[in-house]
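The values are calculated or read from the model by the stated rules, or taken from the named source; none is laboratory data. All of these numbers come straight from a predicted model, not from anything done at the bench. So basically every Cβ, Gly included, is an ideal-geometry build from the backbone, and we count neighbours across all protein chains shown. Keep in mind that these areas ignore ligands, DNA and RNA; they rest on the heavy atoms of the full protein, side chains included. Shrake-Rupley method; radii C 1.70, N 1.55, O 1.52, S 1.80 Å.
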Amino acid sequence: MSTAATSFPERNAAEVADLVLAPEAAAPEVLARRARQRRQMYIGQVASYSLGASVLLLYAYAGVVAMAVPSLFWLGGLLIIGTFTVLSEAGFGDRFEDHYLTVFQISAHMALQLVFLLAVPTVGVAFIAVLFLIFAFGTLRMTSSQAMLTWGLATCGLAVVFLGSDLPIGLPVRTRLERTASMLCFALVIGQCAFLGLFGATLRKILYRRSIELKAAYQRIEELAELDELTGSYNRRCIMRLLDAEIEKARQISAPCAIALIDLDWFKRINDAHGHPVGDEVLRTFAITIFANIRPVDSFGRYGGEEFLLLLPDTSGEAAQRMLERLRSIVADLDWSAFSPGMRVTISAGVVTLRETDTADTFLARADRALYSAKAQGRNRIAAS
């Protein structure tokens, strides 16, 4: 005497979550999942109408309704389900955003309940109870406008029944069999409402879990968009943005700020002599070494090729030079022979501190001139400007 959602709530809720999170342009596999879920929903509805017809059959044995009522109710439900199944298999619903055709399904099932409410008013309360189940099912898929529309249709239908007629709507409880049938009627409605609540709760949990996963994936995408794929340091776009932010921050709090433009000496020779794969490993090792020896507040990014930019907030020129000299010594003392016997890697760097009139471009230009000076002096050294 009712309509139900699909079976196996957790699995189907997971499929609903997949569909909610799927892109607008439904891919073939998405359409296939939709069709599969609709089939499961229709199977559940058939089972629900079969249970409802069984309750009506008890009423028929008790002499409350005619023997034809259970069969007609079951066949009416099958007609509605069959119609929507045919539309589903034809892919008709996939043309619309609501591929379940929720409003039409709810309206059809609701109309069937109202017809039997008018035809068999002696058990009318049982059909009215099912209306709650139908709307509980609809709330899983309806939008607010759809809810208002179906509520209006239900109100009109109930107005016809209650105000347009004087039928004695009741629920028979005179004999033990009648009371058993009435009890089963409400037990089934309550059970199916509980099932729908479980389905909705499972869907919410899965959607919450998927939202966490999506947030983590989005954060990972953001990180990848900011990082240099080879070295794991910030890419040029990101390090330049951080440079602008550090300049602004230093001026706001009147704090010193230094930067260092670092270049791997004779890196082209390494690529030519040992190959680009070895050159890539050298860059990775260099970046890891820098990361392991700078402060958490410092920012390190690949400026281009074998050039890297190191941001040193709240650092004076003298402290910056000491830090870069320490980094230069660490890199020079590494055992690079693991990549190739006799290999030696050194760095040169230009260190500058922020001036009142500096922009990001002039700041970098001064660092570049200092780096050029370090190279001109023989490389493997730090120069300040």
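Quick look at the numbers
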{"quantity": "Close pairs (7 angstrom Cβ cut-off, 6 or more residues apart or separate chains): surrounded by fewer than 20 Cβ atoms within 10 Å (Cβ to Cβ) in the range 240-265, of a type in the set (D, E, K, R) anywhere", "calculated": "Ala255/Asp314; Pro256/Asp314"}
{"quantity": "Some residue of the range 331-352 being open to solvent by 20 Å² or more (accessible area, probe 1.4 Å), modelled with pLDDT of 95 or more and not small (Gly, Ala, Ser)", "calculated": "no"}
{"quantity": "Among (1) within 21 Å of His109 (Cα to Cα); (2) in contact (Cβ under 8 Å) with a residue 24 or more places away in the chain - the single one Leu167 does not satisfy", "calculated": "(1)"}
{"quantity": "Which listed residue, of Val103, Val123, Val130, is surrounded by 14 or more Cβ atoms within 10 Å (Cβ to Cβ), modelled with pLDDT of 85 or more, more than 23 Å from Gly63 (Cβ to Cβ) and in contact with a helix residue (DSSP H, G or I) (Cβ under 6 Å, 6 or more places away or on another chain)", "calculated": "Val103"}
{"quantity": "Of residues in the range 56-65 being free of Cβ contacts under 8 Å to residues at least 40 places away in the same chain and open to solvent by 50 Å² or more (accessible area, probe 1.4 Å), the one nearest to Pro168 (Cα to Cα)", "calculated": "Gly63"}
{"quantity": "Qualifying residue in the range 247-264 (condition: over 24 Å from Ile382 (Cα atoms), part of a helix (DSSP H, G or I) and touching a Leu at 6+ places or on another chain (Cβ under 9 Å))", "calculated": "yes"}
{"quantity": "Residue within the range 266-279 that is open to solvent by less than 30 Å² (accessible area, probe 1.4 Å), among the aromatic types (Phe, Trp, Tyr) and modelled with pLDDT under 95 present", "calculated": "yes"}
{"quantity": "Selection status of Met343, over 46 Å from the mean Cα position of the chain (by Cα) and of a type in the set (A, V, I, L, M)", "calculated": "yes"}
{"quantity": "Identity of the residue in the range 79-119, out of contact with any His (no Cβ under 8 Å at 6 or more places or on another chain) and among the β-branched types (Val, Ile, Thr), that ends up nearest to Gln146 (Cα to Cα)", "calculated": "Val103"}
{"quantity": "When residues of the range 184-194 are limited to those that are at pLDDT 80 or above and closer than 16 Å to Gly44 by Cα, the one farthest from the chain's Cα centre (by Cα)", "calculated": "Leu188"}
{"quantity": "Members of the range 182-205 found to be of a type in the set (S, T, N, Q) and either within 17 Å of Leu131 (Cα to Cα) or in contact with a strand residue (DSSP E or B) (Cβ under 6 Å, 6 or more places away or on another chain) (or both), listed by number", "calculated": "Ser182, Gln192"}
{"quantity": "Qualifying residue in the range 265-279 (condition: closer than 21 Å to Arg381 by Cβ and within 35 Å of the chain's Cα centre (by Cα))", "calculated": "no"}
